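Worksheet for the structure shown next.
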Amino acid sequence: MSERAEFTEALKGAIAEKTNWFNSEELPRMLDNYRLLHTCIKNIYDLLLKRALITADPYKLEKKISEIKAPDDTAFAESDASVVIGARFSDYESMMDFVCTYFKFSVENFDLAKIKRFNELNNSFQWANFTTNNPKVNTKGLASLLTEARRNLPAISLSMVNDSVSKSSKAITEITRILKELSDFKREEYKLKIRTQIMGNSSYNAGAATDPSTEIAEIKKLFPSVMGKTPFYSELINEITEEDFSENKDAHQAKTLERLKVAVKVVTKEKEKVNTKQILMETIRVLSNLSNEYANIATKLNDNVKILEGSKNTFFTKLKRAIRKAFNMKEPPLVYKFIIVDQQKQTKQAREIDINIFISNVARKANFLGILGTPTSPEIKKINESPEDQILQFVNKQISENNETLTLLTAADDYFKTNAAAQDRPKIKGLKIDLVSVKNIIVKANQKRAEYVSYIEELSQMKKLGLSDN
C-alpha cells in the first residue's frame, strides 16, 4: 500500500471515530444548550411583551420556517425600537424553537455553509457582550429595552431576567465552542471526500498529478461531475497538496490526524457517594421553571375567555347578569367542553371544565412552582429536610399533575381556536409556543427522575451482589 493510501485509510478511521463522538456526545450537548438558550429567550420575550416594551408580531405563528436564518440586523430609528426589536426578537425566538424542536443534530445534517448560518443566528443578539454600548444594533436595542424593563421590576422577575441573560451567555459560549470544533472537523471530512471520491475515482489520472499544481488541475477536472453542487474550497484543496507534496508533508499529515483525535477523558474511579437527594432537588428546580410559563398562559387564557364571552354579550345576557346582581346571586359556572386527546390510545374524550376555576388553578400552580424555585423559601427547605422516599413521592405527583395540566392546556388551545367567532379568531392568543416550552421542561424533569431511579436500582443490585459498601 502506498504512503498516500495509508494516510487516506488512517483518515477514514479517524473521521468515523470522531463522527460517532460528535453524534453521541457533542451534538446532544449542543442541543441541550440551545434548549436552555431558548427557555431564557422565551422568558425575556414574554416579560417585554407583558410590560408592553415590544410589540407582538401578529404573524408570528403564520411564518413557516424551513431553514436556519438570522433576523434582520439593519439599522433602525430609535423611535421604532418597540416594533423593530419586537419583530426581530420574535423571529429569533421562533428560529430557536425551530432549532430545538425540528432540526436534527447529527454530523450528516451539517455542512460548512449551514454551520456559518448557525453562527450568524447565534450572533443576532450578543449575550456575552450584552450592553447598551454594543455596536450591533439588535443587541444594543434589546439591551436598552431590558434596562427599561428592570425599572420597578419585582425582585423575583428581576432575578429571572438577570439569570436568563447570564445563562444565555454561557449557553452561547458552549454552542460556539462546539460549532468551531464541528467546523474544523467538517473541513477535514471535506478533504477526505476529495481523496476518496475524486482522487480514488477511476477517471482520476494519478500519474499526471506529480506536484501541487497538477494535482489541483486533476481535482478541478473531475470536481463538477463527481461532487455536484458541493462548493469548491480552494483553501482546503491547497491543504491536501501540502499533505501530499510539501517538504513537511509528514508533519502536515500528523497535524491533520492529531486534529481528528477524540479527546479521551481520563476518569479516576473513586469511591464517591452520589448525592441522590440532590438529584431529586434538582428535579424540583427544573419543574420550578414552569412558573413563568404558567403565569403567561393564565394571562392568555383570561384574555381568550373575554374575547369568547364578549361575542355572546347579547341583550338577554346583560339582562340576566343585571338580575343576578340585583338579587345578589352568584354567577353560574362558565363551563367549556374540552376534547381530551390521548395520543397513546388514539382516543378522544369530552370533558366539561369550569374555565375560571381551571385558569385559577394554572395561576396557583405558577405561584407554587415559583416558590419552589426560590432556594431560601420555607417550603423548599421543608422538602429538602424530608426523607428521600417522600421527596420522590412529591416529584412523582408533580410530574403527573403537570402532565395532566399540559393535556388540558392543549385541549384549551384547541377549544379557543375552534370556538371563537371568525371575526375574533385573529385576536385569540395561541399557546403553541408556550406548550412546547412546558413539554420540554416536563421532559427534562422526567429525565432527572429517571436518572435518580436508575441509580437507586443499580445501587440495590450491587448490594444484593455484595459489591457495594454503601
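Tally up the residues in the stretch 85-135 that are outside any helix (DSSP H, G or I) and not hydroxyl-bearing (Ser, Thr, Tyr), please. Steps first, please.
If we filter the stretch 85-135 for residues that are outside any helix (DSSP H, G or I), which is where we start, we get 102-106, 110-111, 123-126, 130-135.
Cutting the leftovers down to not hydroxyl-bearing (Ser, Thr, Tyr) gives us 103-105, 110-111, 123, 125-126, 130, 133-135.
Residues that pass the stated criteria total 12.
Note on the stretch 307-331: among residues that are modelled with pLDDT of 70 or more and in a loop (DSSP other than H, G, I, E, B), the one that is nearest to GLY430 (Cα to Cα) is LYS330.
Inside the stretch 59-81, can you point out the residues that are among the small types (Gly, Ala, Ser) and surrounded by 10 or more Cβ atoms within 10 Å (Cβ to Cβ)?
Within the stretch 59-81, the subset among the small types (Gly, Ala, Ser) is 66, 70, 75, 77, 79, 81.
Correct list: ALA70, ALA81.
Tell me, please, whether a residue that is open to solvent by less than 30 Å² (accessible area, probe 1.4 Å), within 30 Å of THR374 (Cα to Cα), among the aromatic types (Phe, Trp, Tyr) and free of Cβ contacts under 8 Å to residues at least 60 places away in the same chain can be found in the stretch 130-140. No, because not a single residue in the stretch 130-140 is open to solvent by less than 30 Å² (accessible area, probe 1.4 Å), within 30 Å of THR374 (Cα to Cα), among the aromatic types (Phe, Trp, Tyr) and free of Cβ contacts under 8 Å to residues at least 60 places away in the same chain. Which residues, taken from the stretch 341-367, are within 25 Å of the chain's Cα centre (by Cα) and of a type in the set (Phe, Trp, Tyr)? Of everything in the stretch 341-367, nothing turns out to be within 25 Å of the chain's Cα centre (by Cα) and of a type in the set (Phe, Trp, Tyr). Between ASN129, ASN134, ASN119, ASN109, the distinction of being more than 28 Å from ILE297 (Cα to Cα) and within 16 Å of the chain's Cα centre (by Cα) belongs to ASN119 only.
Scanning the stretch 372-405 for residues that are polar (S, T, N, Q), open to solvent by 20 Å² or more (accessible area, probe 1.4 Å) and within 26 Å of PRO154 (Cβ to Cβ) yields a total of 3.
Evaluated against (1) loosely packed, with under 13 Cβ neighbours inside 10 Å; (2) of a type outside the set (Asp, Glu); (3) within 41 Å of the chain's Cα centre (by Cα), SER203 falls short on exactly one condition, (3).
Step by step: first the residues of the stretch 423-449, then only those that are among the small types (Gly, Ala, Ser) and closer than 24 Å to VAL286 by Cα, then the one that is farthest from the chain's Cα centre (by Cα). Which residue is that?
Residues of the stretch 423-449 among the small types (Gly, Ala, Ser): 430, 437, 445.
Narrowing further to those that are closer than 24 Å to VAL286 by Cα: 437, 445.
On the way: SER437: 9, ALA445: 15 Å.
My answer is ALA445.
Please pick out the residue among LEU142, LEU146, LEU158 that is at pLDDT 95 or above and part of a helix (DSSP H, G or I). Answer to the check: LEU142.
Can you confirm whether the stretch 364-371 contains a residue that is among the aromatic types (Phe, Trp, Tyr) and open to solvent by 60 Å² or more (accessible area, probe 1.4 Å)? Looking through the stretch 364-371, at least one residue is among the aromatic types (Phe, Trp, Tyr) and open to solvent by 60 Å² or more (accessible area, probe 1.4 Å).
Of all residues in the stretch 411-432, those satisfying the criterion of being open to solvent by 30 Å² or more (accessible area, probe 1.4 Å), of a type outside the set (Ser, Thr, Tyr), closer than 17 Å to LEU301 by Cβ and not in a loop (DSSP other than H, G, I, E, B) are ASP414, LYS417, ASN419, ARG425, LYS427, LYS432.
Of the residues that make up the stretch 101-109, is at least one crowded, with 21+ Cβ neighbours inside 10 Å and at pLDDT 95 or above? Spell out the reasoning first.
First, the residues of the stretch 101-109 that are crowded, with 21+ Cβ neighbours inside 10 Å: none.
Looking for residues that are crowded, with 21+ Cβ neighbours inside 10 Å and at pLDDT 95 or above, one finds none in the stretch 101-109, hence no.
Return the only residue of LEU408, LEU435 being under 24 Å from ALA295 (Cβ atoms), touching a Phe, Trp or Tyr at 6+ places or on another chain (Cβ under 7 Å), surrounded by fewer than 19 Cβ atoms within 10 Å (Cβ to Cβ) and touching a residue at least 12 places away in the same chain (Cβ under 8 Å). Talk me through it step by step, then tell me what you get.
Working: LEU435 fails: touching a Phe, Trp or Tyr at 6+ places or on another chain (Cβ under 7 Å).
Every option except LEU408 fails the conditions.
Scoring LEU31 on the criteria (1) within 22 Å of THR101 (Cα to Cα); (2) surrounded by fewer than 21 Cβ atoms within 10 Å (Cβ to Cβ); (3) out of contact with any Phe, Trp or Tyr (no Cβ under 6 Å at 6 or more places or on another chain) leaves a single failure, condition (3).
Within the stretch 41-76, track down each residue that is in a loop (DSSP other than H, G, I, E, B) and either of a type in the set (Lys, Arg) or touching a Cys at 6+ places or on another chain (Cβ under 7 Å) (or both). Show your work before the answer.
The initial filter retains those residues of the stretch 41-76 that are in a loop (DSSP other than H, G, I, E, B), namely 51-59, 63-76.
ARG51, LYS63, LYS64, LYS69, listed by residue number.
For ASP32, the conditions (1) assigned to a helix (DSSP H, G or I); (2) in contact (Cβ under 8 Å) with a residue 12 or more places away in the chain; (3) closer than 30 Å to SER291 by Cβ all hold with the exception of (2).
The residues of the stretch 161-200 that are of a type in the set (A, V, I, L, M, F, W, C) and either assigned to a helix (DSSP H, G or I) or open to solvent by 60 Å² or more (accessible area, probe 1.4 Å) (or both), listed by number, are VAL161, VAL165, ALA171, ILE172, ILE175, ILE178, LEU179, LEU182, PHE185, LEU192, ILE194, ILE198.
The residue that is modelled with the lowest pLDDT, among those in the stretch 222-270 that are part of a loop (DSSP other than H, G, I, E, B) and among the hydrophobic types (A, V, I, L, M, F, W, C), is VAL267.
The values are calculated or read from the model by the stated rules, or taken from the named source; none is laboratory data. None of the values given here were measured: they were computed from a predicted structure. Heads up, the Cβs are rebuilt from the backbone with ideal geometry, glycines too, and the neighbour counts pull from every protein chain shown. Please note that ligands, DNA and RNA were not included when accessible areas were found on the heavy atoms of the full protein model with its side chains. Shrake-Rupley method; radii C 1.70, N 1.55, O 1.52, S 1.80 Å.
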